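Peer 1: Quick one: the structure is below, questions incoming.
No lab work stands behind these numbers, since they all come straight from the coordinates. Just so it is clear, the model here is predicted, and its values are computed rather than measured. Here the Cβ positions follow ideal geometry from the backbone for every residue, glycine too, while neighbour counts run over all protein chains shown.
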Amino acid sequence: MGSGSIIKFAICEVLQFAAFCVPFFIVMQRFAFILAQAKSQMQPSGGNSSMAYWLIVSSSVAYLTTVALVVWLPIKYMVFMKKKALVGRKKWRPVALAYVLLSTLPTFAFLIASSEVQIRNYMQFDTFSELPVSLVLFSLILIDIVERIRHCRLTGRANELHRNADIPTLSPIEMMMPIASTATGPSPAAANISVGPQNGARAANGPTPRLPGRTAVTGLSGNGMVIGLPTNGAITGIPGNMTGSAVPSSGAVPVLTGNNERQPYTISGICPGTGLPLRNSPYATEYTGPLSFLLASDVRAEAFAESFLFWLDTVEMVRVTNHTTVYFSGWALPVYLFSFLSTLRLALMPHSPVLSTLGVALQDLPFLVLRVALLAIFGFVTPVLFVMKNLLVCLAYIYFNFMTKLKVFNTERMF
C-alpha cells in the first residue's frame, strides 16, 4: 500500500468514525440537558438535575467506547482483511449496517425520548430544530458517500469502462459471426439466426434441425459448414440489390479485430443489440468541439449527487418534526420510526437488485400512509409533491412487476 493509499484510507476511516460518534454524543448531551431541566422544575434545588446530566453524558461516552472496541473495530478489521463471512458476496455493506444499528437507531430513540419527556412534563423547551437533519442524516449520507468512493482513485481520471450505470454494452450473446456468403430460407424469420462464440462450435459439429440445406460460415473450426441453410445464396423476402453503406454488396460482414476477439461491424455510437446510443464506450464517437466541457462527467462526482438524491425523501420526512405542533403531539414517534426503517437500505449496495423492493416496502409505502395522516391532521406540514412521489412509485412498482403478468395486461394490442 503506497503513501497515497494510506492517506486515503486514514481519511476515510476518520470520517466514518466521526460520523459514527459525533451525532450520537451531541443528541445524548441535548437529551441530558432536557432531562436536567425537567428535574429542576420538579426539584428547584437542582442537585439531582446536575447529577442526571453528567450521568447521561458519561453513559454516552462509555457506550461509544464499548461499541467502538467490541463491534466497530472488529468489523473494520474483518472487512479490511476481506473475510468471506462479511464481504464474500459483495451484496451488502456490513460497516453501513453496523452504523445504522449502533448509531442511527439509538440517536432516533433518544430524539423520541426527548419529545416524550417534554410532553409529559408540559414543557416546550427544545425541538432540536435542524439537528436531526443537518447532523444525523448528513452523517448517514457521509457514510454512504465514503462507502461508494473508497475503492476509487481520488487522483487522475476514473476508469469509464467500470461505471456501474445503465450503459448498453456489447455482450457475446449480441455478437454475430460474419457470414461469408448470403444464406437463404423460406422466410425472413429463418434468417434471424445468431451464431455466437458459444453456439458456433455446436453448429459446426451437429445439425440444426427444421431448416433444409447447407451454407459455409467463416470463423468456425472444421469444415465450416452449418447444416440447416440452403446453398443457392438468396434469402427469400429480401431484395437482391438491397445494400447499405456499412455492408458490402458481396454479403460478407467485415469484422473488427481487437482483444483477441472477433467483433462485428457496428454503427458508430449505436448498440447493435438494443439500438440505444452508447455512452463512454470505445464504439462511441466523442465530441471534441468548443462545448465539449459541457459533456464532462466522472463517476466519483456523480456518487455525491446520487447519495444526496437517494436520501432526499428521508430528509424531508425527518424535517416534519421541526414543526412544533407535530413534535409535541406524539407524532415524533412514527416519524422517526419510519425514517429509521428507511435508513436500513444503507446496508445494501447502491445497485443491488433487492433495493427496488425494499425501497417500496421500507420507504415509499410507509411514508405515503404517514404523510396522508399528517396532512389530514396538521395540514400542509409536508409537501404534497412527496405524497405524489410515494404514491406513483408504489403504483408503478405494483403495475410493472405484477399486473403486467396478468393476461388482460399481457398483450401487444394495448398501448
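Peer 1: Using a Förster radius of 30 Å, what is the FRET efficiency between MET388 and TYR287 based on their Cβ-Cβ separation? Nearest 0.05, please.
Peer 2: Approximately 0.25, to the nearest 0.05.
Peer 1: If packing is taken as the average count of other Cβ atoms within 10 Å, what order do 9-15, 109-115, 320-326 fall into, highest mean first?
Peer 2: With the highest mean Cβ count within 10 Å placed first, the list reads 109-115, 320-326, 9-15.
Peer 1: Could you please tell me the mean projected area of the C-alpha convex hull for region 283-374, averaged over all directions and given in square nanometres to one decimal?
Peer 2: If I average the Cα hull's projected area over directions, I get 9.1 nm².
Peer 1: How about region 281-376: which GluC sites (Glu not before Pro) there are in a DSSP loop, with at most 13 other Cβ atoms within 10 Å of their Cβ?
Peer 2: The qualifying sites are GLU286.
Peer 1: Summing +1 for each Lys or Arg and -1 for each Asp or Glu, what net charge is found among the other residues whose Cβ lies under 12 Å from the Cβ of LEU346?
Peer 2: Summing Lys/Arg as +1 and Asp/Glu as -1 gives +1.
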